[in-house]
Amino acid sequence: MDNSESSLKILHTSDWHLGKRLHDYDRTAEYEYFRTCLMDSIARSRPDILLIAGDIFDTVTPSIEAEKFLGRTLNEIRRVHPDLHIVITGGNHDSGRKIESISIYMESCAGLKIVGEFPVAYGGENGRICEPLYEKLAYPVISQDGSLLAVVAAVPYLTPAAVAGLSMNRDAEGGEVSYETGVRNIYQGCLSHIRNTWPEASNGQVPIIAMGHFYVRDSALGDDNDGKGNALGGEDQIGTGIFDGYNYVALGHIHFRQNLTDNCRIRYSGSPLPINFGEIAYRNGVDLVEILPRGCEDGAYPFSVSVNSDVYKRATEFIRIPRGTKNGSEDAVVSGLDALKNASGDCSCGLPFLSVFAEYDPGNSAYKTIGEYRIFLEKKLRELSGVKVRLCQFKVEMKESGNSGGAENDREFRSLDDVLNPMQLADRMYRDVNNGKEMPGDVRKLLSEIIAEAEGTREAAENV
Ligand SMILES: [Mn+2]
């Protein structure tokens, strides 16, 4: 059977964080390299739709350079691939209005859908009823010959206030439903709107795709990225059940590429390049998604999804001494820095970024004090800095005595256990941020209460 004609191809990407500097170093060259990679991915895979699921910019007030980069990228895509549909949604880092203003600068806005802010309308007596404008979220993907290929629910980042402000998210007494229930109402409401508007979407002839930008429960956290903060505020967490009925869900927010369901139906594409040092182990890039009709044996999900991840070569090297997440012994740090003296300095996109985490062990050091050791390392770093590397982070810490630390604490935030045991995760994060100090008892108690409350809320939401 030849599926090539009837399959739908999507290029799924998110979290570009344009304008992001790394420890104050400019990253323009890396982003230029990313544009080349992206153009190449599009040329090779010839997608029908390009989905960019939020956090286009790093801040709500991006630099002119960041805006120009986006404008040039979109115009170039449009010039080379005039038929490609482009759907862009805002993330929590973006200004919704700024994102929506992008189209002003486009040479052609045909086939371009941008939703920065969540669209609502006020009705009823004195405008007291607030409803989502589903017609502004739903984007029908129509081919050159006029046939419907898919419908996209282009849902931007949903602030808790936007979700709570909807009349449908109030219970009978006027109280708020949970964030998760509120978000579910939005996605399911949009799905009903799509099915009612396009019969081909209601009978499984064309796939229905959702976009979203938030932390979804059971996603593995990357180190040091946006999702980490949310792991502490349990009430922000959302389960995959809210996407029931959608054939593919293109998520942004977590920078670590992953599937949330084993059939690839709900996924994060991750960021196309490491946004910070915590992400140096990621295989960044974009995802090429193909949605194939599966026949009609399964009424609910008549499509199957196959994903090819395009992993991009690093434009600039990230070097951490030592590798992993621990502090390095004197031997490891000194030999690591010495090795850099002979580095080739392959720097088409700038010198490698370097972070150094050293540990001073008074009982086993060539230096009498931690201060002397630091001065020695600083001298070495001055020789390398700007010549062989760009120095990002440098820390020297006293070796911990006693039993804290150890293998368990050095694990990376990458497994599901991290999400399932928020207190342990919080303990580790606290130590990371506070030079190895344990979390004070009162903070710990408060946090456990918050977590317990959040878990209670989650259970309540699941029982609705
Ligand atoms: Mn985000």
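Here the simple spin-label model places points 7 Å from the Cα toward Cβ, and for Asp83 and Val120 these points are separated by 4.1 nm.
Fully extending the segment from Lys379 to Met423, taken as 0.36 nm per residue of separation minus the present Cα-Cα distance, adds 11.8 nm. Once the Cα atoms are used to define both axes, helix 64-80 deviates from the longest principal axis of the chain by about 50 degrees.
In terms of other Cβ atoms within 10 Å, Ile88, Ile370 run from fewest to most in the order Ile370, Ile88.
Between the helical axis of 28-45 and the longest alpha-carbon principal axis of the chain there is an angle of about 40 degrees. When only alpha carbons are used to place a centre, the range 126-183 and the range 33-50 end up 30 Å from one another. Of the Cα atoms belonging to the range 1-158, the radius of gyration and Dmax stand at 17.1, 58 Å.
Stretch Asp24-Asp145 to full length: gain in nm at 0.36 nm per residue minus the Cα-Cα span?
Working: separation 121, 0.36 × 121 = 43.56 nm, distance 4.88 nm.
Stretched fully, the Asp24-Asp145 segment lengthens by 38.7 nm.
Taking amide H as placed 1.01 Å from N in the peptide plane, the amide H of Arg267 sits under 5 Å from that of Val249, Leu251, Leu260, each at least 5 places away or on another chain.
How much FRET efficiency would the formula 1/(1 + (r/R0)^6) give for Val433 and Val311, where r is the Cβ-Cβ distance and R0 is 25 Å, rounded to 0.05? Present the calculation step by step, with values, prior to reporting the outcome.
On the way: r = 30 Å, r/R0 = 1.22.
With a Förster radius of 25 Å, E is 0.25.
Rg of the Cα atoms in the range 8-311, relative to 2.2 N^0.38 Å, amounts to 0.96. Full extension of the segment from Arg97 to Asn259, taken as 0.36 nm per residue of separation minus the current Cα-Cα distance, would add 55.3 nm.
For Arg195 and Glu135, what does the FRET efficiency come to when R0 = 22 Å and r is the distance between their Cβ atoms, rounded to the nearest 0.05? Let's see the in-between values first.
Numbers: r = 14 Å, r/R0 = 0.62.
It comes out at approximately 0.95.
Assuming charge only on the beta carbon of Lys and Arg (+1) and of Asp and Glu (-1), the dipole of the chain about its Cα centre is about 1300 debye to the nearest 20.
Under 26 Å of direct C-alpha separation, and excluding same-chain neighbours fewer than eight residues apart, Lys341 reaches these lysines: Lys313, Lys326, Lys368, Lys379, Lys380, Lys388, Lys395. Dipole orientation for the chain: of the candidates Tyr430, Val60, Leu381, Leu381 has the Cα lying most toward the positive pole (charges on Cβ; Lys, Arg +1; Asp, Glu -1). May I ask for the angle, rounded to the nearest 10°, between helix 179-197 and the longest principal axis of the chain, with both axes built from Cα atoms and the value confined to 0 to 90°? Value to nearest ten degrees: 40.
Read-outs throughout are calculated quantities, based only on the coordinates presented, and are distinct from any laboratory measurement. Just so we're clear, the structure is a prediction, and the values are computed from it rather than from any experiment. Note that we place each Cβ from the backbone using ideal geometry, even for glycine, and neighbour counts take in every protein chain shown.
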